[in-house]
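Worksheet: one structure, shown below.
The values are calculated or read from the model by the stated rules, or taken from the named source; none is laboratory data. Computed from a predicted structure; not experimentally measured. Counting neighbours? That spans all protein chains shown, and the Cβs are built from the backbone with ideal geometry, glycine included.
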Amino acid sequence: MFKRRPFLRAVYLFFGCWIMGIAAFLILYSAWLRDWQLNWGATDEEVSRYMAGEELIENPNFNTTRAVEIKAPPEEIWPWIVQIGYSKAGFYSFDRLDNGGNPSAERIIPEYQDLAVGDSIASGEYKGKLFYFLEVAEMEPPESMLWVFIDTPWKGSTWSWGLYKIDDERTKLVSRLRQDFPRESLFEKIMFAFVEGMEIFMMRTCLLGIKHRAEGG
């Protein structure tokens, strides 16, 4: 049949290759990439270590621990985290996506260093109005900080930061996301798959961005 209909043969081969490619990626992702992206840079001890806010979600369906070693003491890294936020220092990630195209700060900004428990962190802007997805729930300078998601599909999810001193010159910066993402509708399932597969790129860039700045890069 395909010999007499080359167009159908081309369509069949096109979709067949895509299906096989997607299947191969899913197998690779499940076998290796998923564990790598959920725990990028973190040791087994860091993955199992308690971090602020874990008791708020007992069984999250998205639980990540990412870490990076920084050649700086905690007190020199802490200010870079405190000033994170849209319209402030940015998120040190992909600025076109999460900071309105404005470049993330390359310096410590004194006016953004007064963050306190209960403060909200702007996450974006719509028609000139800032919207807030994060709120500071706990803070122990310069060691740990907990952000809680508000007014989003991830409401109640947590983003925890930890600074663990290795020696006088090195610190391990650890970031943990715990989310109970809704997955009832097909759209929600697709969004969950997209977030799980793509979030690592923004978080990894954020952590490396903090490292680059704290080390004076």
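Here is a check on your reading of the model: is Leu97 in a strand (DSSP E or B) and in contact (Cβ under 8 Å) with a residue 12 or more places away in the chain? Criteria not met by Leu97. Only one of the numbered conditions (1) under 21 Å from Leu134 (Cβ atoms); (2) surrounded by 20 or more Cβ atoms within 10 Å (Cβ to Cβ) is violated by Ile70, and that is (1).
The lone criterion from (1) of a type in the set (Lys, Arg); (2) within 23 Å of Ala214 (Cα to Cα); (3) surrounded by fewer than 16 Cβ atoms within 10 Å (Cβ to Cβ) left unmet by Arg49 is number (2).
Screening the stretch 110-152 for residues that are among the polar types (S, T, N, Q) and more than 21 Å from Glu54 (Cβ to Cβ) and picking the one that is modelled with the lowest pLDDT gives Ser123. Of all the numbered requirements in (1) at pLDDT 95 or above; (2) surrounded by 16 or more Cβ atoms within 10 Å (Cβ to Cβ), Glu75 misses one, and that requirement is (2).
Summed over the stretch 78-99, the residues that are surrounded by fewer than 20 Cβ atoms within 10 Å (Cβ to Cβ) and among the aliphatic types (A, V, I, L, M) give a count of 1.
Those helices (runs of 4 or more DSSP H) of the stretch 1-71 in which at least 2 residues are modelled with pLDDT under 80, considering only elements entirely within it, cover 6-28.
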